[in-house]
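Undergrad: Questions regarding the structure given below will be posed in turn.
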Amino acid sequence: MSFLFPTFLIALAAAAVPVLIHLFNFRRFKRLRFTNVKFLQEIRQETDSRSKIKHWLILAARVLTLVFLVLAFARPYIPSGEEKAVSEGNMVGIYIDNSYSMGGPGTEGTLLDQALQKATQIASGYPLDTRFQLVTNDFKGEHHRWVSRGEFFDLLEEISLAPPVRTLDQVLLRITDSFEEEPGSARRVYIISDFQKNFIPAEAQIPDSTLHLSMVMVRGAEMANVSIDSAWFISPAHQAGNLEELVVRLRNYSDRSVENVPLKLLVNGRQEAIGDISLPARTGLNDTLIFRPEEAGWKRGELAITDHPIIFDDRFYFSYRVAPRINVLLIRSAAAGNYLETLFGEDEFIELTINSESGIDYGLIPENNLVILSGLSAISSGLAGRLKEFVEQGGDLLVFPPLSGGLPGYNDFLAQVHADTYDSISRQPNQVVRLNLEQDIFRNVFERMPRNPDLPRVQQYLRLNNSSRTSKESLLTMRGNDDLMARYASGKGAVYLSAVPLNERVSNFPRHALFVPLLYRVALLSMQNYPLYYTIGEDQSVQAGSLELSERNNYRIRKDDFEMIPSIRNRDSGSEVFVSDQVREPGNYILSGPHDEELAVFAFNNAKTESDLAYFSDAELEGYGEAGSVISSGGGSLERLVAVENFGIQLWKYCVVLALVFLAAEIILIRIWPATPKI
């Protein structure tokens, strides 16, 4: 047997007090006069014997009452088989998983309700002087401190479901940091969770070997779950009045198939398309929804399915922008033809600006989505620098070179933007033999590709040096594997290189039927696209167009009753808007300007890791690390289990009961045992 507070044993000396009182009986005797003392000796012998028995029993009851009372304060216990670190002032870290999966039904309310109840029982199993730290998925600063048991119970009442998702490694690292501030203390950690399989990575290890880790499982009934996994547009270009094709991926996380899951699409609050999909067990399938945006501007999209009882992942939000027009800057030589003016000049959707080679307005370059160089005799260093900056910031550049003269200036510039350079002139006629139909330029351009199509021909052309250090995508390929046109990703933009100028004596490309859709798609794809959606807890910042900053930040991010003032940092490619962990609910959030105008829409969704309701079993969690133990969701009260696990079998309650028993025995002896007079 051991004692939790052995210093209280000093109080056992108090047991000598009743002994001393019984040894020195200071009561005065009264003289009684008897008329007949014939039987006095016999009475005296009888009363002395009974009195001694009574006094010794009372003495024993009083001593035992004091002894067991002192033992109760010393907290005796019988140690369990495994010795635990038990000391005064224990430090206990308790993690409660409050992710959305904990909102599922359990045996007593939700799983989160069960977790809170178990946390209360664990804390109640420790002495009053124990200090606790609460950790949840929020990683709140107010939780990053050690509190008393009463404060810990108050913090439990504030916990609710939250979108952030944490792994066991992240949780243990946070708790371990707090233990480092309190060296020399006993370290106990309880992890209360439903233990989804994504919670513990395969390589996870206990970061501190002195940590005593217990995993407390809460488990509800197994349920099927279908969620919206992701969504994307087939075409990255968006134009008012044109059909949009949105691909939606749904995933079935259950072990049985589901039939006819209804799917609904809303854009700006208006229903645009519906569908339904059947999913085999443990698979994901795509469905395509087609709709037509009628107006330009930012679009707030929402996808919804009906899947009870797990509903936190039944809605998926996205946002995108339909530009009112595309700004195109054409810089041309005097000898270049009028093909581009004819193509773009009358189009209401394209705003075409023309600069001559001798009168280039450099200030116009960053204001456009697409810059086209047509037949320039040379690229000056000043123009090269502006174009390089333009491409790096997300602009697109299309180059139609001259066949002779000025190529060194072209090649110096092309090397700076990581594109292939022009080589020698080939004067052998050639013809396009292959189109890259997988590239966005030609996606959905042809309903059906003919077997022997009439493709562009060239009389002479510039060969491109094929470098392994570029990210070339061939668009039009001729015989001999030479490119008539290729695309190169550069910075956040793209560079398109043509092997011929726009001259009918060199090629029939300017008059070919392929010329119009190809150039038009290049212009459409030049519009800057932002991410369709962000993930709560993972993305700490979002992208926006260039925002003007002032001393007073007048920008706001809002949704319904939520409003925040974001931190904004301007970069070469636009503005970065920091939301940190302030966005906690999924939905579409509006960025408004100083005059409350709508500048952008950002969509946020919950992480999809919570949707997979696959759990670890007790056997899979057993023996995690060297100090791990598993406390199953069944069994009795955790308060008693924790007390036995840490302090063995507690005996103080028995001591209190015995002290009360002996106190009652003393009272009975005094009250019921007949008193005899002292003679």
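Computed from the coordinates by the stated procedures, all read-outs in this text should not be read as laboratory data. Predicted, not measured: the structure shown is a model, and the values here were computed from it. All Cβ positions, glycine included, derive from the backbone under ideal geometry; neighbour counts span all protein chains shown.
Undergrad: Quick check on the chain: helices-only [θ] at 222 nm, where DSSP H runs of length 4 and up contribute -39,500 (n - 2.57) each and the sum goes over total residues. Nearest 500, please.
TA: -7000 deg cm²/dmol
Undergrad: Amide H to amide H under 5 Å from LEU599: which residues, 5+ apart in sequence or cross-chain, H placed 1.01 Å off N in plane?
TA: LEU591, SER592, GLY593
Undergrad: Taking only the C-alpha atoms, wrap a convex hull around region 372-525 and report its volume per residue in Å³ as a whole number.
TA: Normalising the Cα hull of region 372-525 by residue number yields 106 Å³.
Undergrad: Report Rg(Cα)/(2.2 N^0.38 Å) for region 226-322, keeping two decimals.
TA: Taking N as the residue count of region 226-322, the ratio is 1.10.
Undergrad: Distance in nm between label sites at SER617 and ILE672, each 7 Å beyond Cα in the beta-carbon direction?
TA: Placing both labels 7 Å along Cα→Cβ, they lie 5.9 nm apart.
Undergrad: Still on this structure, I have one more. Taking the Cβ-Cβ separation of ALA281 and VAL433 as r and a Förster radius of 51 Å, what is the calculated FRET efficiency to the nearest 0.05?
TA: 0.65
Undergrad: In addition: Mind grabbing the base-10 log of I(q)/I(0) for the chain at q = 0.05, 0.08 Å⁻¹? Debye formula, identical points on the C-alpha positions, no solvent, two decimal places.
TA: The Cα Debye sum returns log10 ratios of -0.45, -0.82.
Undergrad: Moving on. Based on Cα coordinates alone, diagonalise the gyration tensor for region 532-595, multiply each eigenvalue by 5, take square roots, and list the semi-axes in whole Å, largest first.
TA: Each semi-axis is the square root of five times an eigenvalue, giving 19, 15, 10 Å.
Undergrad: Using Cα pairs under 8 angstrom and six or more residues apart, how large is the relative contact order of region 226-322, in percent?
TA: 32
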